Structures are given as C-alpha cells and as structure tokens.
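S.K.: Quick one: structure below, then a few questions.
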Amino acid sequence: MGGRRIHGKTWDVYLCILTSREPVGVREIWRKLGLSSPSLAQYHINKLLELKLIQPASDGYAPAPDQQLEALKSFLVLRGRLVPRFVIYGAFVLGILASYIIFWPFSWDFRDLATLAFGAFSSAAFFFEAYRQQRGLRMDEDRF
C-alpha cells in the first residue's frame, strides 16, 4: 500500500465520499467542501479513482468495497460518521462496570474498589485514545 498516499483536499474529498450515506456527485462535493470550482473537485475525484479508493456509482461516486486506507482501519462508519473503535471498547467496559455497580451488592471491600478502579481507568483510557484518534484524523492527514 505504499502508493496510497493522499493528503490535503484529496483527503477531505475521500472523507466526504466515505462518510456520505449515498453516492456523492462532483457539485455536491464542491459545495460541501467549499472548493474554488467543480473542476477542482473532479481533479481530486480522479486521483481517488486512480488509487481505486472510490468507484463511479449511478448518482455520483461511492467508496470502493474492501478498499480502505490503512489509517482508517481503526474506525467504523456509523450513520455517516467515522467513529474510532476505542469508543465501542470504552462503552463495553463502562457497561460492564455499570452493571457491576447496579446488580452486585457493593460493600466497599478490596474487590469492589479494585473493580471500580480498573473499570474507571480502562474506560477512561479507551475514551481518551478514541479522542486522540478522532483529533489525529485531521491533524495527521499528511501521513496518509
């Protein structure tokens, strides 16, 4: 995957197409991203087509199935948004911790305090890493 390096506006166009729920046309990308002209949007689309990251669809362009950049492997697309997988892990641990607190008789002994500390620390760590991934999606775009 050494040849799959995109950055700048091409990265923005790819994210726009990837997170849309239906195929996106050139003019829609031009308006959403505020590009200077539709031909500039078409230029970036052509770059993505060459890399086989997108494909033509009936009403525009859609992400190519089974083709994704390595940098986006740790994200899920849910309802048109890129969500870090760490959010799912953090919610799972937080749910287990909440069910432990609600359904287990809490007696403030060592086991309860250790479980509370472990659950709170791990869910906080997962959510912090998810925040860093989401923030890094924009800041580190030249890396991809």
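S.K.: Please list, ordered by first then second residue, the pairs with beta carbon atoms under 7 Å, 6 or more apart or interchain, first in the stretch 57-86 and over 27 Å from ARG27 (Cβ atoms) and hydroxyl-bearing (Ser, Thr, Tyr), second modelled with pLDDT of 75 or more and not in a loop (DSSP other than H, G, I, E, B).
M.R.: Qualifying pairs under 7 Å: SER74/PRO84; SER74/ARG85; SER74/GLN133.
S.K.: Follow-up question, since we're still on this one. Give the stretch 18-32 a look and list any residue that's under 19 Å from HIS7 (Cα atoms) and modelled with pLDDT of 85 or more, or say none.
M.R.: The answer is VAL26, ILE29, TRP30, LYS32.
S.K.: List the number of the failed condition for ALA64; all other conditions in (1) over 14 Å from the mean Cα position of the chain (by Cα); (2) surrounded by 11 or more Cβ atoms within 10 Å (Cβ to Cβ); (3) at pLDDT 85 or above; (4) among the aliphatic types (A, V, I, L, M) hold.
M.R.: Tallying (1) over 14 Å from the mean Cα position of the chain (by Cα); (2) surrounded by 11 or more Cβ atoms within 10 Å (Cβ to Cβ); (3) at pLDDT 85 or above; (4) among the aliphatic types (A, V, I, L, M), ALA64 fails exactly one: (3).
S.K.: Before we move on, is SER37 within 27 Å of ALA130 (Cβ to Cβ), of a type in the set (Ser, Thr, Tyr) and either surrounded by 15 or more Cβ atoms within 10 Å (Cβ to Cβ) or touching a helix residue (DSSP H, G or I) at 6+ places or on another chain (Cβ under 8 Å) (or both)? So that I can check it myself, show each step before the final result.
M.R.: Numbers: within 27 Å of ALA130 (Cβ to Cβ): no; of a type in the set (Ser, Thr, Tyr): yes; either surrounded by 15 or more Cβ atoms within 10 Å (Cβ to Cβ) or touching a helix residue (DSSP H, G or I) at 6+ places or on another chain (Cβ under 8 Å) (or both): yes.
When the stated conditions are applied, SER37 does not pass them.
S.K.: Still on this structure, I have one more. Of everything in the stretch 75-87 that's of a type outside the set (Phe, Trp, Tyr) and surrounded by 14 or more Cβ atoms within 10 Å (Cβ to Cβ), which residue is modelled with the highest pLDDT? Before the answer, list the steps.
M.R.: Of the stretch 75-87, the ones of a type outside the set (Phe, Trp, Tyr) are 76-85, 87.
Restricting the remaining residues to those that are surrounded by 14 or more Cβ atoms within 10 Å (Cβ to Cβ) gives 77, 82-85, 87.
Values: VAL77: 75, LEU82: 77, VAL83: 84, PRO84: 87, ARG85: 87, VAL87: 92.
Checking each candidate, the answer is VAL87.
S.K.: Restricting the stretch 40-62 to residues that are assigned to a helix (DSSP H, G or I) and out of contact with any helix residue (DSSP H, G or I) (no Cβ under 7 Å at 6 or more places or on another chain), which is farthest from ASP12 (Cα to Cα)?
M.R.: My answer is GLU50.
The values are calculated or read from the model by the stated rules, or taken from the named source; none is laboratory data. Please read all numbers here as calculations on a predicted model, not as lab measurements. Glycine also receives a Cβ, built like all others from the backbone with ideal geometry; neighbour counts cover every protein chain displayed.
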